[in-house]
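Report on the structure given below.
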Protein chains: 2
Amino acid sequence: MPDRPIPDRPAAMEPSGSYNRSSRVQSEGVAPALPLLEQAARTVAIPAAPASVCIADYGASQGRNSLAPMRLAVDTLRPRLAQGRAILVAHTDQASNDFSALFATLESNPKSYLKLDPATYAMAVGRSFYQPILPPGSVTLGWSSWAVQWLSHAPREIPDQIQIAYSRDGEAREAFARQAALDWEAFLRSRSVELHQGGALVIVTMAMTDEGDFGYRDIVAAMYGALIDLVASGFLHAEEVRRMAIPTVARRRADLLAPFAPDDRFAGFTVDHLDIFLAPDWIWSAYEQERDAALFGARWAAFNRASVYPTLAQALSGEGGEARKIAFFERLEQLTAACLAASPRPAVIPLALMVLRKGVD
Amino acid sequence: MPDRPIPDRPAAMEPSGSYNRSSRVQSEGVAPALPLLEQAARTVAIPAAPASVCIADYGASQGRNSLAPMRLAVDTLRPRLAQGRAILVAHTDQASNDFSALFATLESNPKSYLKLDPATYAMAVGRSFYQPILPPGSVTLGWSSWAVQWLSHAPREIPDQIQIAYSRDGEAREAFARQAALDWEAFLRSRSVELHQGGALVIVTMAMTDEGDFGYRDIVAAMYGALIDLVASGFLHAEEVRRMAIPTVARRRADLLAPFAPDDRFAGFTVDHLDIFLAPDWIWSAYEQERDAALFGARWAAFNRASVYPTLAQALSGEGGEARKIAFFERLEQLTAACLAASPRPAVIPLALMVLRKGVD
C-alpha cells in the first residue's frame, strides 16, 4: 500500500472547476470506450435485491468527464432493474480532489444522471484507489478513465526530465517501471475485491503505442523547456526542477497484460478486451480550422496546467508562499503556450482501452 | 425543495480544516447525545445481508466532530454483525463543504473508524439534506449534530440583526419561523425515506430553552456590534450588513414536536426521546482557570469565524475581491474578540437532543 497520497491533479489553490474546463483532450479520448461500457452494462450480473446496484467511477476528478459515461451506464442498466430500484454512483479520487466541483457538476449539469434518473444516488470516496475503498463485492460495474496512469507516488526523482518516458536515466526509468507494475497489480487486486461476481471494469489509461511512442512530444518538450528557462531567468531554483516529476506512466500492451500471465487470469479477472489506439487531437483539428497558433498553444498549456501543474508545484520550496506559486503557474503556462504556438503540430495521444470481467474463482 | 444551496459553514477561501480546528463548542455539546447514540446502535434493526449496514452522518462538515460518534456507532454495531460484514459510513454536507479536509481527517486521525475497524468504508454525499440523498431504506442508523439548525436558505433579510433570535422585526421573525417549520418537515420526510424499518435517527441541534432563551447573547451582540463598527469606519457598506443573515434557527420543544401532532407520529417516525439542555461552555471554563481575557475573546471569535463568517461574506459586494473578503474576516474577528475580551461572561448554549425511531407504517 502506498504510504503517501498520490499527487493531485486539481490543486486546492486553483479556481474550483479548472480541471472540468480544461480536460477536453481527456473527454474526447474516452469516446471509443463508451460502446464497450454500454456492452458491459448490458451484460454484467445484476446483484439480487436488496443488495445495491453500484457503478464505481475510479478517478472522477471534478466530474465533467464522468457525465457521459455515467449517464450511459445508468441508462443501460436501468431497463434491467425492477421499477425504481436505486443505482448508486460512487465517484472516487484522492482526498485532495475538488469534490465540491464534482457535486456542483452532478447537481446542476443538465446531462447529469441525477437530473435524468430520479432513482440514482451520487457519492464520493476521497481515498487512494490503490487499496480497496468500497465494500467487498459491492460494485456492479466499474469505470476508470485517465486515472490509473497516475502512480501511487513518484518512486524517485528524474534527473533529466519531468516525464519519465522522455528520460534517458536508466535508474529512474527502472524505478518508474517497477512502481508502475506494483501499482497496476494493486489497482487490479483492489478492484477485484470490490467487484461483484459477474461484474466488469472498463479502463481507459495512457499507453505506449506498440512502437513504444509515449506521444505528447512537443507538449512535454515545451513544458520542460519552459521550466529550464525559468531556472535560467532566476525564477526557479535548479533543485526545484530536479524535484519535479510527473508521476504518470504510459503502459505498454505487455505491461497491462503482465499480471494475467500465464493463464490469462489475475485476481479473478479475465481480459475481455484490450486495444491501444490514438485518441483524436481536437486542439490540432481546431487549429487546422482556425489557424490561430496562439490559441493552439494556449489550449495545450491549459491542458497541462489543469492536469499536471499542481503536481509540479509540490516541488517548489516554501519561499514566496502562495504568491510565488501563482506566479509559477502563470509563467509556466505563458512560456509553454508561446513555445507551442511557434510551430503547431499534431500530437500523438496513445490510450489503452481495457475491459475486465470478474468471474467466479 | 430549496432551490438555493444552503449557505456553507467552511468557505472555500478559508484554510482547509479551519472548522475542524475551531469547533470544540460543538463537539462538547454533543457529549450527552453519545449514550443515546450507543443505545440506538444497540437496538436498531440490522438489515438482512446482502443489504449494506449504513450509518449516515448528516451535516458532517470537516469530520473531526464525527470521529467520536461514528466510532461509537461502529463499535456498538460491530458485535451485532456477522464476521467481517461491511459498515458504510456516509457523511453528508452541502456540495461546498470541504470534503478534502473530511477525508484527510478520516484517513489520518488515529481515532478514525477507518483506522480502528478494517471493515468500514467512508463515503461522502455533497448535497442538501432537505431532500432524499441516500437510497430508500438504505440507512440503518442516522446521526446529525449541529446541522439541522441551518435552514435551506434565509427566507428574507433581517433589518436589525444578523441572527433572527435577536431581531425585533415581526415579519422577519415570522418568515424565519415559517421556513424553519418547512425545513424541519422536509428533513424528517427525507430521512424517513432513507431509513430502514427499525432504524433510528439521533439529532443534536440548536434549541431555545423552555424560557425562550436562544443563548450566545454576548457573542451575537459582539459580532453584530463589530459589523456596525465596520460600517461606521467605512470598511463595510450599510447595504452589505443589511443583507447579512445567518440562516440558523433555534427550535423550541414545541417546534420540534409540531409535525408529530396529533398522534405522535410523522412520516413513519415516533419520538423516542427529546431533551433540551445547556451544553458546557468550555471557553468560559478555560477562562475561569486561565483568567486570560484576550484568549477568551479570541476563542469565541474563532468559533464565529469557522461557523458563520463564510455565510456573512456572501453578502459582500464583489468589490475588492478576495483581498477585501480576507480583510473582512480578519477585522471582524479582531473586533469581536476585543469586544468579548472586555467583559468575559459565561454563555448559554441551549441544545435539543432527539431520538427518532422509524417504525413500520
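Considering only residues in the range A:303-328 that are open to solvent by less than 20 Å² (accessible area, probe 1.4 Å) and not hydrophobic (A, V, I, L, M, F, W, C), the one that is nearest to the chain's Cα centre (by Cα) turns out to be A:307.
The rows are residues; the columns are (1) crowded, with 20+ Cβ neighbours inside 10 Å; (2) more than 12 Å from chain B (Cβ to nearest Cβ); (3) basic (Lys, Arg).
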| position | (1), (2), (3) |
| --- | --- |
| A:40 | yes, yes, no |
| A:44 | yes, yes, no |
| A:51 | no, no, no |
| A:59 | yes, yes, no |
| A:62 | yes, no, no |
| A:65 | yes, yes, no |
| A:75 | no, yes, no |
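Sort out which residues of the range B:291-328 are in a helix (DSSP H, G or I), in contact (Cβ under 8 Å) with a residue 40 or more places away in the chain and farther than 25 Å from residue B:29 by Cα, and write them in order of number. The answer is B:313, B:322, B:325, B:326, B:327, B:328.
Do you know which of the residues in the range A:94-105 that are within 7 Å of another protein chain (Cβ to nearest Cβ) and more than 22 Å from residue A:187 (Cβ to Cβ) is least open to solvent (accessible area, probe 1.4 Å)? Among those residues, the one meeting the criterion is A:103. For the structure I just gave you, tell me whether residue A:116 is in contact (Cβ under 8 Å) with a residue 60 or more places away in the chain and aliphatic (A, V, I, L, M). Considered against the rule, which asks whether it is in contact (Cβ under 8 Å) with a residue 60 or more places away in the chain and aliphatic (A, V, I, L, M), residue A:116 comes out as no. Looking only at residues in the range A:82-91 that are part of a strand (DSSP E or B) and within 9 Å of chain B (Cβ to nearest Cβ), the one that is farthest from residue B:135 (Cα to Cα) is A:90. Condition check for residue A:122 on (1) within 14 Å of another protein chain (Cβ to nearest Cβ); (2) at negative phi; (3) open to solvent by 20 Å² or more (accessible area, probe 1.4 Å); (4) in contact (Cβ under 8 Å) with a residue 12 or more places away in the chain: one failure, at (3). The set of residues in the range A:125-137 that are in contact with a helix residue (DSSP H, G or I) (Cβ under 7 Å, 6 or more places away or on another chain) and more than 7 Å from chain B (Cβ to nearest Cβ) comprises A:129, A:130, A:131, A:132. Residues in the range B:219-250 that are under 18 Å from residue B:347 (Cα atoms) and of a type outside the set (Val, Ile, Thr): B:221, B:222, B:223, B:224, B:225, B:250.
Being in contact (Cβ under 8 Å) with a residue 12 or more places away in the chain and surrounded by fewer than 22 Cβ atoms within 10 Å (Cβ to Cβ) is the filter here, so list the residues in the range B:83-93 that pass it.
In the first step, residues of the range B:83-93 are kept if they are in contact (Cβ under 8 Å) with a residue 12 or more places away in the chain; the result is B:84-93.
Within the range B:83-93, B:84, B:85, B:86 qualify.
Rundown of residues vs (1) crowded, with 17+ Cβ neighbours inside 10 Å; (2) modelled with pLDDT under 95; (3) part of a loop (DSSP other than H, G, I, E, B), yes/no style:
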site: A:215; (1), (2), (3): yes, no, yes
site: A:221; (1), (2), (3): no, no, no
site: A:225; (1), (2), (3): no, no, no
site: A:236; (1), (2), (3): yes, no, yes
site: A:245; (1), (2), (3): yes, no, yes
site: A:254; (1), (2), (3): no, no, no
site: A:259; (1), (2), (3): yes, no, no
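On the given criteria, is residue A:195 under 28 Å from residue A:44 (Cα atoms), open to solvent by less than 10 Å² (accessible area, probe 1.4 Å) and touching a helix residue (DSSP H, G or I) at 6+ places or on another chain (Cβ under 8 Å)? No; evaluated as a whole, the condition is false for this residue.
Remark: pairs (first residue in the range B:193-215, free of Cβ contacts under 8 Å to residues at least 12 places away in the same chain; second residue assigned to a strand (DSSP E or B) and open to solvent by 30 Å² or more (accessible area, probe 1.4 Å); Cβ separation under 7 Å; 6+ apart in sequence or on different chains) are absent. State the number of residues belonging to the range A:183-213 that are in contact with a Pro (Cβ under 8 Å, 6 or more places away or on another chain), of a type outside the set (A, V, I, L, M, F, W, C) and in a loop (DSSP other than H, G, I, E, B). Qualifying residue count for the region: 2. Within the range B:261-270, the only residue that satisfies the criterion of being aliphatic (A, V, I, L, M) and buried (at least 16 other Cβ atoms within 10 Å of the Cβ) is B:267.
In the set (1) of a type in the set (Lys, Arg); (2) in contact with a strand residue (DSSP E or B) (Cβ under 9 Å, 6 or more places away or on another chain); (3) over 20 Å from residue B:260 (Cα atoms), residue B:189 fails one condition alone, (3). Within the range A:106-119, restricting attention to residues that are touching a helix residue (DSSP H, G or I) at 6+ places or on another chain (Cβ under 7 Å) and either more than 7 Å from chain B (Cβ to nearest Cβ) or closer than 23 Å to residue A:311 by Cβ (or both), the residue that is surrounded by the fewest Cβ atoms within 10 Å (Cβ to Cβ) is A:111. The residues of the range A:126-182 that are surrounded by fewer than 20 Cβ atoms within 10 Å (Cβ to Cβ) and either among the β-branched types (Val, Ile, Thr) or assigned to a helix (DSSP H, G or I) (or both), listed by number, are A:166, A:170, A:171, A:173, A:174, A:175, A:177, A:178, A:181, A:182. Take the conditions surrounded by fewer than 24 Cβ atoms within 10 Å (Cβ to Cβ), more than 7 Å from every other protein chain (Cβ to nearest Cβ), of a type in the set (D, E, K, R) and touching a strand residue (DSSP E or B) at 6+ places or on another chain (Cβ under 7 Å) and apply them to residue B:71. Does it pass? Judged against the criteria, residue B:71 is not a match.
Checked against the criterion of being modelled with pLDDT of 95 or more, in a helix (DSSP H, G or I) and farther than 24 Å from residue A:234 by Cα, the range A:345-355 has no qualifying residue.
The values are calculated or read from the model by the stated rules, or taken from the named source; none is laboratory data. Nothing here was measured: the structure is a model prediction, and the numbers come from that model. Reconstructed Cβ throughout: ideal geometry from the backbone, glycine too, with neighbour counts over all protein chains shown. Ligands, DNA and RNA are stripped out before the accessible areas are found, and what is left, the full protein with its side chains, is counted by its heavy atoms. Shrake-Rupley method; radii C 1.70, N 1.55, O 1.52, S 1.80 Å.
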